[in-house]
1. Checking Gly22 against (1) of a type outside the set (Val, Ile, Thr); (2) in contact with a Pro (Cβ under 9 Å, 6 or more places away or on another chain); (3) free of Cβ contacts under 8 Å to residues at least 40 places away in the same chain: exactly one of these is not met. Which one?
2. Filter the stretch 71-84 down to the residues that are of a type in the set (Val, Ile, Thr) and in contact with a helix residue (DSSP H, G or I) (Cβ under 7 Å, 6 or more places away or on another chain) and list them by number.
3. Suppose we filter the stretch 14-38 for residues that are surrounded by fewer than 16 Cβ atoms within 10 Å (Cβ to Cβ) and among the polar types (S, T, N, Q); how many remain?
4. Can you name the residue in the stretch 23-40 that is of a type in the set (Ser, Thr, Tyr) and touching a helix residue (DSSP H, G or I) at 6+ places or on another chain (Cβ under 8 Å) and, of all such residues, is nearest to Thr10 (Cα to Cα)?
5. Mind checking which residues of the stretch 34-62 are within 20 Å of Lys92 (Cβ to Cβ) and hydrophobic (A, V, I, L, M, F, W, C)?
6. Which of the residues that make up the stretch 38-59 are outside any helix (DSSP H, G or I) and more than 20 Å from Pro26 (Cβ to Cβ)?
7. Restricting attention to the stretch 1-37, which residues are part of a helix (DSSP H, G or I) and of a type in the set (Phe, Trp, Tyr)?
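All of the numbers you see were taken from the coordinates with simple rules; none came from a lab. Because the structure is a prediction, the values reported are computed rather than measured. So basically every Cβ, Gly included, is an ideal-geometry build from the backbone, and we count neighbours across all protein chains shown.
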Amino acid sequence: KETVEKIVNTREWFKAEMKKLGFTFPDSKANFLFASHPKVPAKEIFEAAREKDIYVRYFDKPRINNYLRITIGTDEEMDAFISFVRSYLQKKARNKHGIMMKYIVKYKYYNIRQYREGYYEKDSVCSF
């Protein structure tokens, strides 16, 4: 029961952080998220993550070829994934002149420990 509770808490935190980064996904009660980003293809994120030794699943199949299957891991693993994706999206948002585009992170970032300990602004966290 304690393990299930840990996974659920990590998943809910992860979902909120992914929404802040612009990802969409069906509501999940499982140990994974099936996520897509409207501006960056899933295959591109998958390949960039793999280069950093971060492993998520990507299926090059019709109707699901713009989704990543992201298994909920440890708090540290999920923090690492969020940090990677945030950094990758910020790099993608820079045009050739190095100007940051508007669609990237609008919210203050909190790691999972800060979130669980209540160090967050209610308005910056997506409701569950």
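1. With (1) of a type outside the set (Val, Ile, Thr); (2) in contact with a Pro (Cβ under 9 Å, 6 or more places away or on another chain); (3) free of Cβ contacts under 8 Å to residues at least 40 places away in the same chain applied to Gly22, the lone miss is (3).
2. Step one: filter the stretch 71-84 for residues of a type in the set (Val, Ile, Thr), giving 71-72, 74, 82.
Result: Ile72, Ile82.
3. Qualifying residue count, the stretch 14-38: 2.
4. Checked the stretch 23-40; the qualifying residue nearest to Thr10 (Cα to Cα) is Ser28.
5. Ala35, Val40, Ala42, Ile45, Phe46, Ala48, Ala49, Ile54, Val56, listed by residue number.
6. Lys52, Asp53, Ile54, Tyr55 - these are the residues of the stretch 38-59 that are outside any helix (DSSP H, G or I) and more than 20 Å from Pro26 (Cβ to Cβ).
7. Trp13, Phe14
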